[in-house]
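First the structure, in the form of structure tokens, and then the observations on it.
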Amino acid sequence: MLAITAIAIPLSMMNSAKNVPPIHDISTDLVNPPEFVAIAPLRADAPNPVEYAGVETATQQRAAYPELQTLRYSQSKSELVEATKQAIDNLGWELVNIDADKGIIEATDTTAWFGFKDDVVVHITDNSSERLVDIRSKSRVGGSDLGKNAARIHTLVEELDRVLGE
């Protein structure tokens, strides 16, 4: 049974790698992606730098995940900060930083099987009668995330909507 598992997991990962672009930095805002603040020092020794991966990554992401775009909510910034914190707690991620005034929430998700640490930053801004929410998820290691960062953003959005009752 262990041998089958040991073979099945890498085969599954190879299959996933064929179906997603070889990128590890995903954002709902490809022009001005949210920046890591408190997480930046935690990534100091990580092979993947804290800076956004750039235009080539944005182009690949746009083709692979066109649905990942800035979210719009009618709730106040403070309500969204609190709901995002609750969603992160519900998902079992490590909350690293909340700056409610700037609308920034940062967290780290540790993958179950290999224990890789991937970082998430949420940025909430006011825009007239609505709030704009952007999310970025970035792997600390690896050239390809096998689609995990996009899936993580989808999971956070689903949990945030659940917390907000939407």
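Values quoted throughout were computed directly from the atomic coordinates according to the rules given, and no laboratory measurement underlies them. Since we're looking at a predicted model, the values are computed, not measured. Cβ sites come from the backbone with ideal geometry, for glycine too, and all protein chains shown count toward neighbours.
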> Quick one: putting +1 on the C-beta of Lys and Arg, -1 on the C-beta of Asp and Glu, what dipole do you get for the stretch 2-164 around its Cα centre, in Debye to the nearest 20?
Replying inline: 440 debye
>> Output the 0 to 90 degree angle, nearest 10, between the alpha-carbon long axis of helix 148-164 and the longest principal axis computed from the alpha carbons of the chain.
In response: 40 degrees
> Taking the highest mean first, how do the peptides 41-48, 147-154, 121-128 order by number of other beta carbon atoms within 10 angstrom per residue?
Replying inline: 147-154, 121-128, 41-48
>> Helix-only estimate, please: 222 nm mean residue ellipticity of the chain, summing -39500 (n - 2.57) across DSSP H runs of length 4 or more and dividing by its residues, to the nearest 500.
In response: -12000 deg cm²/dmol
> For the stretch 56-152, which GluC sites (Glu not before Pro) are in a loop by DSSP, counting at most 16 other Cβ atoms within 10 Å?
Replying inline: 67
> So how tilted is helix 77-91 from the main axis of the chain? Cα-based, degrees 0 to 90, rounded to 10.
Replying inline: 30 degrees
> In the calculated pair distance distribution of the stretch 2-164, what percentage of Cα-Cα distances lie above 19 Å?
Replying inline: 54 percent
> Can you count the Lys pairs in the stretch 63-166 whose Cα atoms are under 18 Å apart, with each pair 8 or more apart or on different chains?
Replying inline: 6
> By how many degrees, between 0 and 90 and to the nearest 10, does the Cα long axis of helix 55-64 differ from the longest principal axis of the chain?
Replying inline: 80 degrees
